[in-house]
Amino acid sequence: MGLPSPRRVRHSLEAPIARKFFKGFCSETGGRYGHLTPLPTRKKVAAIVCVMNESHAIGKVLDELDRLPLHEIIVVINGSTDPSFDRVRAHPAAPVIIHYDEPLGHDVGRSIGAKASQSDILLFLDGDTPVSYRKLLSFIRAIDKGADVALNDISPFIHRFHRRDSVSVIKEFVNRAMGRSDLMANSMTAVPHALSRAAVEAIGIENLSVPPLAQTIALSKRLKVTAPASVNVVRISSITRAHSPVTELVIGDHLEALHEAMRLGGTRLRFKDHMRKRHLAGG
């Protein structure tokens, strides 16, 4: 008589069950790592964190990452004038620190961290946005199961269209222009998100510093882009604030992404003109 098939466990229960098993195993064997939760993959995973004047939050970000047996934690600190560097250096997670005295510009740290990493799965976070380690597991799992890009599904946290901010509107327009209306306003602009090593190579490391452009390239190359989990970063994001310099920057990034989309798919993108008889006008 064969053994019964193992029952599937809901994703929401995987982390606590695995954590209890690991904690019990370590207590019996005298291991020192009972605080860790096993990852849902056998691949090497890196967390890449961009930091600029975020000493108030970076400790909490690293606290969550320290609950996972990551292959690498890479913190890119640039242009900080507060104690961010000291907080990171003193943290027990002992991350790799890449430090620049001058500001690099928004999201440039993502490219630098990706270039330094030797891992198979890259998880991107910001130093001002602590995310529960349990939430991060969903993004890692999605890449392990075959996704190339795992986005944060912010759909539950944004308003209906008539009340949306300009950034959410242009995010969704870029996705629709690329034939992925199902992604709605989900974008590599938002953290956390994860990429496979193959996706990083296909997109180009330098393009990661312009997240909407990177996403447009990923979609144009038919990479598998999903949004497996929702983390509410909208309420704490400065990007959603009207007339913010970051808002203007992000909108400009999306215009750059649309320029690439038009280069690839024509000036009308994927939107057909079914009304005009252009040939009669010589067009």
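The values are calculated or read from the model by the stated rules, or taken from the named source; none is laboratory data. Computed from a prediction, not measured in an experiment: that's the story for all the values here. With ideal geometry, Cβ positions are generated from the backbone for all residues, glycine too; neighbour counts draw on all protein chains shown. We work out accessible area using only protein heavy atoms, side chains counted, and drop any ligands, DNA or RNA first. Shrake-Rupley method; radii C 1.70, N 1.55, O 1.52, S 1.80 Å.
When only C-alpha pairs under 8 Å and at least 6 residues apart count, what is the relative contact order of the range 67-205, in percent?
Working: 160 pairs, mean separation 35.7, N = 139.
The normalised contact order for the range 67-205 reaches 26 percent.
Element breakdown for the range 78-223 at a 1.4 angstrom probe: carbon and sulfur atoms account for 49% of the accessible area.
Annotation: amide H of residue 73 within the under-5 Å range of 47, 96, sequence separation 5 or more or interchain, hydrogens built in the peptide plane. Sorting 140-151, 221-232 by their mean Cβ neighbour count within 10 Å, with the most densely packed peptide first, gives 140-151, 221-232. Note on residue 273 and residue 232: with the Förster distance fixed at 30 Å, the Cβ-Cβ geometry gives a FRET efficiency of about 0.15.
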